[in-house]
1. Scanning region 30-63 for residues that are buried (at least 18 other Cβ atoms within 10 Å of the Cβ) and of a type in the set (V, I, T), which turns out farthest from A106 (Cα to Cα)?
2. For M92, only one of the following conditions fails: (1) aliphatic (A, V, I, L, M); (2) modelled with pLDDT of 95 or more; (3) surrounded by fewer than 17 Cβ atoms within 10 Å (Cβ to Cβ). What is its number?
3. In region 1-26, how many are farther than 17 Å from N179 by Cβ and outside any helix (DSSP H, G or I)?
4. Of all residues in region 31-79, how many are in a loop (DSSP other than H, G, I, E, B) and acidic (D, E)?
5. So P27 fits all but one of (1) over 26 Å from K115 (Cβ atoms); (2) at pLDDT below 90; (3) not hydroxyl-bearing (S, T, Y); what number is the exception?
6. For region 114-125, does any single residue satisfy the condition of being within 23 Å of K78 (Cα to Cα) and either at pLDDT 95 or above or in contact with a strand residue (DSSP E or B) (Cβ under 7 Å, 6 or more places away or on another chain) (or both)?
7. Would you be able to tell me the number of residues in region 151-169 that are under 15 Å from the mean Cα position of the chain (by Cα) and farther than 15 Å from W75 by Cβ?
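The values are calculated or read from the model by the stated rules, or taken from the named source; none is laboratory data. Note that the coordinates shown come from a computational prediction; the quantities given were computed from them, not determined experimentally. Cβ sites come from the backbone with ideal geometry, for glycine too, and all protein chains shown count toward neighbours.
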Amino acid sequence: MLGIVGVLLLYFILAFLLSIIPKNPEPVTCAEKETVYLISNGIHLDIILKRNQLKEDFWKQLKIPESAKYVAFGWGDKGFYLNTATWEDLKMSTLVNALFLKSESAMHVTNYYSKREQFVALPLCESQLLALKTHIEMSFVKDDKEQILKVGKGYGRNDDFYAAKGSYNAIKTCNEWVNQGLKKADVRTSVWSPFDGGVFYHLDSHD
């Protein structure tokens, strides 16, 4: 028991320290910037792009309605996503499997028809936006015809799940997936951020 407590304590200490240490501290400058957004439910982060920032063939594969103005992307454990619609549905076996066992992952895609108060704005240069979009698109599993693979219906009418690359664990969490995307886009962010707070710690919010 003491060993387990010690491992957990070390994990949270490292998460705190590496979350507040910045990566890519120098800002990227450009004449014009495009805004993307982040959103958190208090635990899990999504990256939000405007629909018109996506390649046409990509949003058509995702069947994004033309009336949807924003599209949120979240990466995570497939079993957790599909079996935990609400926190009341969370089972210990699902949590243990997600954190400690090699399992499939999924992309959660959600359509928004208007800007929400919870959106946190992140202005990016064109090169940064391209890098972030590439990170998102490359996270999807595709078949030999370059088509993305749907793995489940979402929690409502405006979201779906798709097959994703990689395996979720205590090191590579849903929030660390976002953190890695921001690193690739040369955004100031954490060295490692398994929780959403580490990502927000380094971001300046803009309307």
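1. V36
2. Only one criterion in (1) aliphatic (A, V, I, L, M); (2) modelled with pLDDT of 95 or more; (3) surrounded by fewer than 17 Cβ atoms within 10 Å (Cβ to Cβ) is unmet by M92, namely (2).
3. Applying the first criterion (farther than 17 Å from N179 by Cβ) to region 1-26 yields 1-10, 13, 26.
From the residues that got through so far, the ones that are outside any helix (DSSP H, G or I) too are 1, 26.
The total comes to 2.
4. Of region 31-79, the ones in a loop (DSSP other than H, G, I, E, B) are 31-33, 41-44, 54-55, 62-69.
Among the residues that remain, those that are also acidic (D, E) are: 32, 66.
Summing the residues that are in a loop (DSSP other than H, G, I, E, B) and acidic (D, E) in region 31-79 gives 2.
5. It is condition (1) that P27 fails.
6. First, the residues of region 114-125 that are within 23 Å of K78 (Cα to Cα): none.
No; the residues of region 114-125 include none that is within 23 Å of K78 (Cα to Cα) and either at pLDDT 95 or above or in contact with a strand residue (DSSP E or B) (Cβ under 7 Å, 6 or more places away or on another chain) (or both).
7. Applying the first criterion (under 15 Å from the mean Cα position of the chain (by Cα)) to region 151-169 yields 159-169.
Those left that are additionally farther than 15 Å from W75 by Cβ: none.
Number satisfying all stated conditions: 0.
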